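Down below is the structure, laid out as C-alpha cells.
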Amino acid sequence: MSVHPPFDPGTVEAIARVLGEAGTGTDISRYFEICRLIDNSGESTKWRRLNAIFLKSQTVNSSNQILAFIKSYLAPTRFVGARDRFEIHRSELNAILILHGLEYGKDGEFRRITQAKTLDEAELRAKSIREKLAPRNTHHEVYKYCQAELMQENYFHAVFEACKGLFQRVRELSGIKSDGASLVDKVFSIENPHIAFNTLQTETEQSEHKGFAQLLKGCYAACRNPLAHGPKILWQGEVDAADYLTLISMLHRKLDQCVVVKRGV
C-alpha cells in the first residue's frame with residue numbers, strides 16, 4: 001500500500017498490546033527478524049518490546065513498517081485451525097485501525113475505509129454486524145465480496161456485493177458468462193446441466209435440483225433487482241442485512257455440495 005502517516009504513541013501502544021496477545025515472545029522475535037526489525041529495546045514484556053520497536057520504526061515518518069509486521073505476524077495462514085483466535089485479534093486490531101481509516105481484512109490485506117470519529121463508533125463498526133452473523137456460521141464467500149461495505153456499515157451495498165459474489169461464483173464454477181435468471185437456467189438445466197445438485201436420476205432429485213435453481217433466481221430477484229433499482233431509504237439496516245446475508249450464505253453452502261458436470265466427455 002502507499003505510504004501511511006505515522007501513528008500517534010497511544011495508537012502504537014494499543015496495537016502493541018493486541019499483538020502481544022497473539023503469540024509468544026519467541027514468535028515475536030522470529031517475526032522481527034523476518035521483517036528486518038532490530039530488537040534492541042531492552043524490554044522483556046511482549047507488548048513493551050513491540051511498542052518500543054514500533055515507535056522507533058516510525059522515524060521514517062511512516063507507519064508502513066508496523067503495517068508490514070502486522071501482515072506478516074497476523075497472516076491468516078498462521079492461524080489455520082484457530083480461526084476464532086484470528087478473528088478475535090483481527091476485531092480488536094480493527095477497533096483501533098478504524099480510527100485511522102484502515103481495516104485489516106480476513107484475507108490478510110489492509111484496505112482504506114471511512115474513518116471512525118469516536119471509540120464507540122469504532123467498536124460498533126468492528127463488531128456489530130459480525131456479532132449478528134457469527135452465530136449463523138456465515139460462509140466465508142459472503143465476506144469475500146462485502147468486507148469493506150460491512151466495515152463502513154453500508155449494509156445496502158454489502159448485500160448487493162454479496163449477491164453479485166454469489167453469481168460470480170456460479171459463473172466461475174460453470175464457465176457460463178451470463179447473469180441472473182438466464183445464468184441459472186443455463187447452468188442448472190435438467191437436460192444439459194453444467195452444475196448438478198444431485199445425480200438427477202429420479203423425479204425427486206430433479207425436483208430438488210429445480211428447487212435449488214429457483215432459490216438462486218429468487219435471491220437474485222429479491223437482492224439484486226430491488227437494490228439496483230429501488231431507493232436506498234427503504235432499506236432496514238442491520239437486521240435486513242443479516243437476514244439477506246444468511247440466505248446468501250446458505251446458497252453458497254448448497255453450491256459446496258454441487259458437482260460440476262464435465263463437458264464434452
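The values are calculated or read from the model by the stated rules, or taken from the named source; none is laboratory data. No experiment lies behind these values; they were computed from the predicted model shown. With ideal geometry, Cβ positions are generated from the backbone for all residues, glycine too; neighbour counts draw on all protein chains shown.
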Filter pass, residue 240 being assigned to a helix (DSSP H, G or I), surrounded by fewer than 19 Cβ atoms within 10 Å (Cβ to Cβ), among the charged types (D, E, K, R) and modelled with pLDDT under 90 | yes
Qualifying residue in region 76-92 (condition: at pLDDT below 85, under 30 Å from residue 221 (Cβ atoms), outside the structural domain of residue 36 (by TED's automatic domain parsing) and among the small types (Gly, Ala, Ser)) = no
When residue 191 is evaluated against the numbered criteria (1) modelled with pLDDT of 80 or more; (2) within 22 Å of residue 137 (Cα to Cα), which criterion, by number, is the only one it fails?
-> (2)
Output for Cβ contacts, cut-off 6 Å, separation at least six or different chains, first residue farther than 11 Å from residue 139 by Cα in region 251-264, second at pLDDT 90 or above and not in a strand (DSSP E or B), reads 260/173; 261/193; 261/194
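Can you go through 15, 38 and tell me which one is in contact with a helix residue (DSSP H, G or I) (Cβ under 7 Å, 6 or more places away or on another chain) and either within 23 Å of residue 146 (Cβ to Cβ) or not basic (Lys, Arg) (or both)? Don't jump to the end; show me each part of the working.
Working: 38 fails: in contact with a helix residue (DSSP H, G or I) (Cβ under 7 Å, 6 or more places away or on another chain).
Exactly one of 15, 38 is in contact with a helix residue (DSSP H, G or I) (Cβ under 7 Å, 6 or more places away or on another chain) and either within 23 Å of residue 146 (Cβ to Cβ) or not basic (Lys, Arg) (or both), namely 15.
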Does at least one position in region 56-72 carry a residue that is in contact (Cβ under 8 Å) with a residue 40 or more places away in the chain, more than 25 Å from residue 120 (Cβ to Cβ), of a type in the set (Val, Ile, Thr) and crowded, with 18+ Cβ neighbours inside 10 Å?
-> no
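On the given criteria, is residue 21 without any contact (Cβ under 8 Å) to a residue 12 or more places away in the chain and surrounded by fewer than 17 Cβ atoms within 10 Å (Cβ to Cβ)? Step through it out loud before you land on a result.
Values: without any contact (Cβ under 8 Å) to a residue 12 or more places away in the chain: no; surrounded by fewer than 17 Cβ atoms within 10 Å (Cβ to Cβ): yes.
No.
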